Amino acid sequence: DYTKIASHKATVEDWRMTSDAVYDFALTCLEYPSDGRESNIESLREGYQEWARRVGRREEIAERTLSSRLAKIDGLRKRKTNKGARWNCAIKAIKDWDEPVN
């Protein structure tokens with residue numbers, strides 16, 4: 001075990017934002033928690049692909065891959081329903097998308 005210095009968490013967070021496109025998308029384009037609004041994986045994938053085109057990231061991502069990567073983000077939760085999974089987030093209007101990290 002080692003002692004973590006104060007800048008360790010910030011450095012890891014910076015690295016993650018610049019290396020993980022899905023994490024960057026979540027921070028840039030999603031609202032969560034979303035006051036009860038939910039999104040299905042299809043709409044999240046469409047939002048991701050639009051964002052990726054705009055910022056020059058790799059656009060194609062399988063729904064399963066996107067879902068598993070979203071599940072690793074603190075605060076995002078998936079709820080299974082009889083019509084498929086729903087995520088506790090909403091996609092911001094494009095005009096409200098923050099600048100991408102990378």
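The values are calculated or read from the model by the stated rules, or taken from the named source; none is laboratory data. Only a predicted model underlies this, so the values are computations on that prediction, with no experimental measurement involved. Virtual Cβ from ideal backbone geometry, glycine too; neighbours counted across all protein chains shown. To get the accessible areas, we keep the full protein, side chains included, count just its heavy atoms, and leave off ligands, DNA and RNA. Shrake-Rupley method; radii C 1.70, N 1.55, O 1.52, S 1.80 Å.
Cβ separations smaller than 6 Å between residues 6+ apart or across chains give the following pairs from region 26-38 residues that are open to solvent by 10 Å² or more (accessible area, probe 1.4 Å) to residues that are of a type in the set (A, V, I, L, M): GLU31/ALA90; TYR32/LEU76; ARG37/ALA90. Annotation: of all residues in region 43-79 being among the charged types (D, E, K, R) and closer than 10 Å to ALA21 by Cα, the one that is nearest to the chain's Cα centre (by Cα) is ARG69.
Summed over region 27-63, the residues that are in contact with a Cys (Cβ under 7 Å, 6 or more places away or on another chain) and more than 21 Å from LYS83 (Cβ to Cβ) give a count of 2. Residues in region 70-94 that are part of a helix (DSSP H, G or I) and more than 11 Å from PHE25 (Cα to Cα): ILE94 only.
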